[in-house]
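Since the structure comes first, as structure tokens, the remarks are kept for the end.
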Number of protein chains: 2
Amino acid sequence: MSEPRFQAVVADDHAIVRSGLRAALESPGLVEPAGIKVVAEAADGLSAIAAIRQNRPSLLLLDVQMPLAGGLEVLIEARRWSPETRVVVLSGVTSPGKIGELVSCGVDGLFSKGEDNDELFGALPGILRGRRHVAEVFRRMLEEAPAVPALSERERQVLNLVVAGRSNKEMAQVLGISAKTVDRHRTNLMQKLDVHSVAQLIAYALREGLIAPTSGL
Amino acid sequence: MSEPRFQAVVADDHAIVRSGLRAALESPGLVEPAGIKVVAEAADGLSAIAAIRQNRPSLLLLDVQMPLAGGLEVLIEARRWSPETRVVVLSGVTSPGKIGELVSCGVDGLFSKGEDNDELFGALPGILRGRRHVAEVFRRMLEEAPAVPALSERERQVLNLVVAGRSNKEMAQVLGISAKTVDRHRTNLMQKLDVHSVAQLIAYALREGLIAPTSGL
DNA sequence: TTCAGGATGGGGTGAATCCCCCAATCCACC
DNA sequence: GGTGGATTGGGGGATTCACCCCATCCTGAA
């Protein structure tokens, strides 16, 4: 029995997913006779980064949505501390915005949790040899999806506050600008995103994952 | 080697979770020497119900959030078509409202995906013998959480439309009532939920899972 | 049978919204 | 040096929202 040459770190906030991935990766014959050895698991973004720095594995299997740090942040940190690690992201929700960001940040693999795992495990050997693979679903999504307009820093701040339920006046106070300017940003925002009410604005923001979901009432 | 006496159906929209649960359930020694046989998997609520009707298993392992039918609907249908099936629900998100509903509908087991699986698998033998087990996290949550005010049917409809970004006038048209009445419901809604703006209303609704997240812009 | 509560509407008021108009500053880019 | 974008701010107006007041109708529980 040969030694596994590849090591992997698995990061997901659900213990069941981690054990499922571990079982699949370590099953013999996937990439090489001995399978891929999972050297560490992480339940949140920060421990994932720590695990990467410590182990510098060949592969990182990573959920997009995690506590403490999202998939994108982990990807960037992983690139910084362990450039040779192939990073494969699993996405539960499918927001065109996030997917686009991940692709443009250069993930090595991008797969959907909803679909069959065959595409993932079929592509893994190639990915470990340096290829890239974005799941069929996401490739179609990126082609069809209307590009999400780029938001300026201020607009993003305003959007966050709107989602948090603040009024123009409150936002003006928080941001230290005139209420009229807040209104201006809000108007531009709604024009950019092609919505026509706070409710639609919030719906859009949450759907696209444009804002941090840590909105304290 | 003894035959497995228990059969299970596993329902989750993520293939990885299903295979992880299958592996764990079928591992020998969990409940009895041969483990629990997973006779069917389902990726959405309707197939879960179909699988229950067809197999009438001893155990149903069920995700709360699924396409086509949620965990609660599947629970109710499972009770109807196969009352002897023990229903165990796994919850990814932790909204006090949904948890309370599930408990009051009489789930046999309720566990969090985020926590360790030890509590689940430790409690499984008891559950199969007729006991009930609600995860520690959720029991504390139900004690501490401020009771979610009961919403009337109309109020729930209005809430859905508000989240979908409709104006009072549009809602009036959809519901076939006066815009003034819509406003009345909306006012009552905000008073009940102790919020003071659309944004907070939407935030509350999404947080508590009071509404279906299938809001088409 | 009374009575509470839900659903239905109308009137009205003050605030906030959505969206036009206008202008100034700053800063990066060609 | 010009050009465009982001950010800042003001005026104004039509609409909507948030929240009071009032009433009627109906259903189910006490």
Taking only Cα atoms of the stretch A:27-145, what ratio of Rg to Rh do you get with Rh as the Kirkwood inverse-distance radius?
0.94
With axes computed from alpha carbons, what is the tilt in degrees of helix B:118-128 against the longest principal axis of chain B, rounded to the nearest 10 within 0 to 90?
80 degrees
Which part of the stretch A:80-124 falls in the paramagnetic zone of A:Arg53, meaning amide N under 15 Å from the point 7 Å along Cα-to-beta-carbon?
A:80-83
Mean separation of Cα pairs under 8 Å and 6+ residues apart, divided by the residue count of the stretch B:153-208: what relative contact order is that in percent?
34 percent
With each pseudo-label sitting 7 Å past Cα toward Cβ, what's the A:Asn188-B:Val103 distance in nm, one decimal?
4.8 nm
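In percent, how large is the relative contact order of the stretch B:7-142, given Cα pairs closer than 8 Å and 6 or more residues apart?
Value for the stretch B:7-142: 20 percent.
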Kindly give the distances from B:Ala150 to its copy-mates, label point to label point, with each label point 7 Å from Cα along Cα→Cβ, as nm values to one decimal ordered shortest first.
5.4
Entries in A:Lys37/A:Lys98; A:Lys113/B:Lys37; A:Lys192/B:Lys192; B:Lys37/B:Lys98; A:Lys113/B:Lys98 that, when Cα-Cα distance is taken, lie over 31 Å
A:Lys192/B:Lys192
Taking a point 7 Å out from Cα toward Cβ as the label site, list the nm distances between B:Ser197 and the same residue in every other copy, smallest first.
1.7
Could you calculate the FRET efficiency of B:Ser27 with B:Ser167 from 1/(1 + (r/R0)^6), where r is the beta carbon distance between them and R0 is 45 Å, rounded to 0.05?
0.25
Counting pairwise Cα distances across the stretch A:153-208, what percent come out greater than 20 angstrom?
13 percent
Name the chain A residue with the Cβ nearest the axis that maps A onto B: which is it, and what is the distance in angstrom?
A:Gly20, 1
To the nearest 20 debye, what charge dipole does the protein assembly as shown have about its Cα centre, counting +1 at the Cβ of each Lys and Arg and -1 at the Cβ of each Asp and Glu?
960 debye
So, in nm, how far is label B:Arg139 from label B:Glu153 when the simple model puts each one 7 Å beyond its Cα toward the Cβ?
3.7 nm
Let me know the whole percent of all Cα-Cα pairs from chain B that are separated by more than 20 Å.
62 percent
Cross-link reach from B:Lys169 to lysines, straight Cα distance under 16 Å and at least 8 residues apart if same chain, gives B:Lys180
Positive-end residue of B:Ile49, A:Ala150, A:Ala24, charge dipole of the protein assembly as shown with Cβ unit charges
A:Ala150
Divide by every residue of chain B the summed helix terms, -39500 (n - 2.57) for each DSSP H run of at least 4, and state the resulting mean residue ellipticity at 222 nm, rounded to the nearest 500 deg cm²/dmol.
-15000 deg cm²/dmol
Using Cα atoms only, what is the angle between the long axis of helix A:153-163 and the major principal axis of chain A, expressed in degrees (0 to 90) to the nearest 10?
80 degrees
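Bear in mind these aren't lab numbers, they're just calculated from the coordinates by the rules spelled out. Keep in mind the model is a prediction, meaning the values are calculated, not measured. So basically every Cβ, Gly included, is an ideal-geometry build from the backbone, and we count neighbours across all protein chains shown.
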